[in-house]
1. Can you name the condition, by its number, that residue 280 falls short on among (1) in contact with a helix residue (DSSP H, G or I) (Cβ under 7 Å, 6 or more places away or on another chain); (2) closer than 22 Å to residue 89 by Cβ; (3) at pLDDT 80 or above?
2. Out of everything in region 243-266 that is in a loop (DSSP other than H, G, I, E, B) and over 18 Å from residue 92 (Cβ atoms), what residue ends up being modelled with the lowest pLDDT?
3. Say whether the condition of being over 22 Å from residue 251 (Cα atoms) and surrounded by 24 or more Cβ atoms within 10 Å (Cβ to Cβ) is met by at least one residue in region 72-82.
4. Out of all the residues in region 96-116, which are touching a strand residue (DSSP E or B) at 6+ places or on another chain (Cβ under 8 Å) and farther than 17 Å from residue 47 by Cα?
5. Inspect all residues belonging to region 292-305 and state whether any of them is outside any helix (DSSP H, G or I), at pLDDT 90 or above, buried (at least 20 other Cβ atoms within 10 Å of the Cβ) and in contact with a helix residue (DSSP H, G or I) (Cβ under 9 Å, 6 or more places away or on another chain).
6. Hey, can you tell me all the residues within region 111-128 that are in contact with a helix residue (DSSP H, G or I) (Cβ under 7 Å, 6 or more places away or on another chain), part of a loop (DSSP other than H, G, I, E, B) and surrounded by fewer than 21 Cβ atoms within 10 Å (Cβ to Cβ)?
7. Which of the residues spanning region 267-277 are in a helix (DSSP H, G or I) and either surrounded by fewer than 22 Cβ atoms within 10 Å (Cβ to Cβ) or at pLDDT below 85 (or both)?
8. Which residues, taken from region 318-339, are in contact with a strand residue (DSSP E or B) (Cβ under 7 Å, 6 or more places away or on another chain) and either part of a helix (DSSP H, G or I) or crowded, with 24+ Cβ neighbours inside 10 Å (or both)?
């Protein structure tokens, strides 16, 4: 009997680790203001113009969605959005609707192990491979023309990985990069962020603890069925800086807790160990905006500060009172930051052309980094 009790406790403990890991995928703290949802956007429901599948370098099938504008902006770059840990392409729905309305072509995809994409072999569940996957998506959905890359959390790491592997692609085609609630690692993300909730359980026990639970699908499904309110509470507590609409909270909870346990177990140690600062020189010379919530505990503001120290031309936006899931908690602000980035590159190109025509020493040389802090109130937006 004691043996049975021990096994039940182990399964329950593993389930708790999984729930905490998923719920803390957007670690933040409470804030008193309640963000408003964009009224014209269905909750995380995007109907892409078309979808396609792309085979990654190891054969893993990646699900890609493309949103085409009805009135394309002349000379506009394609915007490629990479989502974060335990999310999927639907996490960008607010931005997708807004950016397409502005005339931009938008490409989103499910990272391996998330959404409708395949999982792949365990040894390929690395940030290094995620960068190669992004190149696969670009080749399949946007093989030519200018690009702007936008990454949230793990998606930002994916872009940094891409920059390390394919610097020629970045130099020749990338016109801007937005890094939202992310980090280049090197400081033990799980120890500083997720570890406050998980007590390093997954890192200590290894990915096998969640893989074993994944084989007991009926146990996990049953726990989810009776623990729905706990799921929502975890996502509210650790995913947003303020109280959010309950319908949004339920939808986000469903996405997070639908992430395969194998994916959580395999990628979480990677997030703790990653250090891709050496890749940042690949982004030098590209307009970059780094956005972070002041209450983000998973990728705290000091991580963003470290990024901008390595990227001297980067703009740094600190969002007062916001947690980790900025694309959902403050969608309008994130969209505006992306649009401003696109316009910034367009204006810089115009300055360079004018400087070349007049023979002056103007243009973008001498431009200094700017840090901007928002006020505490929600900016009209709704992980």
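1. (2)
2. Our first condition is that a residue be in a loop (DSSP other than H, G, I, E, B); within region 243-266, this holds for 243-245, 258-260.
Still in the list and also over 18 Å from residue 92 (Cβ atoms): 243, 260.
Working: 243: 78, 260: 86.
Checking each candidate, the answer is 243.
3. Just the residues of region 72-82 that are over 22 Å from residue 251 (Cα atoms), to begin with: 72-80.
Retained after the next criterion (residues that are surrounded by 24 or more Cβ atoms within 10 Å (Cβ to Cβ)): 79-80.
Within region 72-82, one or more residues are over 22 Å from residue 251 (Cα atoms) and surrounded by 24 or more Cβ atoms within 10 Å (Cβ to Cβ).
4. Of region 96-116, the ones touching a strand residue (DSSP E or B) at 6+ places or on another chain (Cβ under 8 Å) are 96, 99-100, 104-112, 115-116.
Of everything in region 96-116, those that are touching a strand residue (DSSP E or B) at 6+ places or on another chain (Cβ under 8 Å) and farther than 17 Å from residue 47 by Cα turn out to be 111, 112.
5. The answer is yes; a qualifying residue exists.
6. So the first thing to find is which residues in region 111-128 are in contact with a helix residue (DSSP H, G or I) (Cβ under 7 Å, 6 or more places away or on another chain), and the list is 111-115, 119, 122, 125-128.
From what is left, the residues that are part of a loop (DSSP other than H, G, I, E, B) are 111-115, 119, 125-126.
Matches in region 111-128: 119, 126.
7. First pass over region 267-277, keeping only residues in a helix (DSSP H, G or I): 267-273, 277.
Within region 267-277, 268, 269, 270, 271, 272, 273, 277 qualify.
8. Kept after step one, since they are in contact with a strand residue (DSSP E or B) (Cβ under 7 Å, 6 or more places away or on another chain), are these residues of region 318-339: 318-320, 322-324, 326-327, 330, 333-334, 337-338.
Passing the criteria: 319, 322, 323, 324, 326, 327, 330, 333, 334, 337, 338.
The values are calculated or read from the model by the stated rules, or taken from the named source; none is laboratory data. This is a predicted model, so every value here is computed, not measured. Please note: Cβ atoms are built from the backbone with ideal geometry, for glycine as well, and neighbour counts cover all protein chains shown.
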